[in-house]
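In what follows, a structure is listed as structure tokens, so that the remarks can point back to it.
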Amino acid sequence: MNPEGGLEKDKAIDYAMQLNHVAQVRAVDRSLPLMPRGGRIIFVTSHLAHFYGQKPVSPIVYEPVAQSKKAGEEAVRSRIAELATRGIKLLVVSGDLIEGTITPKLMQRHNPGMIESRRKQAGSLPSVEDFAHAIVDCAANTQLESGATIFVGSTEWEIAQAQLNQKSFL
């Protein structure tokens with residue numbers, strides 16, 4: 001599950017919430033009758049969404065997306081007990097900025113230099129292949145407990161106070 005939307009132009013004010021929260025709950029509801037015991041739901045998110053409320057996010061650029069994806073994650077997590085009765089696990093894969101993907105590019109339009117700054121802070125950014133491997137490994141690892149979160153890329157970042165005051169991302 002990974003819609004990752006909300007940065008598109010000319011969308012309704014609740015677009016991010018509809019896509020990243022409401023649609024996720026509907027996807028679970030519609031998938032459950034088709035899923036066998038031992039099945040897995042993999043919720044894919046970003047570190048900025050997963051840690052929303054704990055770490056700063058640019059209010060101008062990404063906050064609606066982070067807020068809506070966090071709401072979607074919490075809504076699906078709230079169903080872990082129900083999923084367990086069906087023998088289904090929920091696993092979360094959270095990623096740093098993923099090299100070459102559209103979301104960081106859209107964010108960089110509002111904050112030039114953001115990607116390079118993050119790359120320097122983290123040492124490197126994960127690739128699409130790194131992220132895909134983490135999702136596949138998560139789906140195949142039968143030892144993971146329901147509710148486990150797998151992190152791809154660094155979860156640590158520093159935000160200078162001056163950058164926060166300018167409402168920048170990192």
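FYI, it's all coordinate maths here, none of it is from the lab. Nothing here was measured: the structure is a model prediction, and the numbers come from that model. Positions of Cβ are generated from backbone atoms using ideal geometry, with glycine treated the same way; all protein chains shown enter the neighbour counts.
Residue exposure proxy: 137, 130, 96, ordered by other Cβ atoms within 10 angstrom of their Cβ from fewest to most, comes out as 137, 130, 96. Per-residue 3J(HN,Hα) values for the range 32-40, derived from phi via the Karplus relation 6.51 cos²θ - 1.76 cosθ + 1.60 with θ = phi - 60°, read 3, x, 9, 8, x, 4, x, x, 9 Hz in sequence order (x marks Gly and Pro). Taking every alpha-carbon pair under 8 Å whose residues sit at least 6 apart, the range 15-165 reaches a relative contact order of 28 percent. Using a cut-off of 22 Å between Cα atoms, the listed pairs 69/105; 55/89; 70/120 include 55/89; 70/120 as exceeding that distance.
Using the beta-carbon distance between residue 37 and residue 109 and R0 = 41 Å, what value does 1/(1 + (r/R0)^6) give for FRET efficiency, to the nearest 0.05? Rounded to the nearest 0.05, the efficiency is 0.35. When the Cα convex hull of the range 15-165 is projected onto planes of every orientation, the mean area is 9.2 nm².
Look at 73, 99, 145 and count the other Cβ atoms within 10 Å of each Cβ; fewest to most, that gives 145, 99, 73. With neighbour counts taken as other beta-carbon atoms within 10 Å, the residues 34, 90, 19, 144 rank, fewest first, as 34, 144, 19, 90.
Database remark: amide H of residue 90 closer than 5 angstrom to the amide H of 41, 147 (H placed geometrically; neighbours at sequence offset of 5 or more, or on other chains; Pro and chain starts carry no H).
Between residue 29 and residue 127, the simple spin-label model (points 7 angstrom out along Cα→Cβ) gives 4.0 nm.
Placing a pseudo-label 7 Å from each Cα along the Cα-to-Cβ vector at residue 143 and residue 84 gives an inter-label distance of 2.1 nm.
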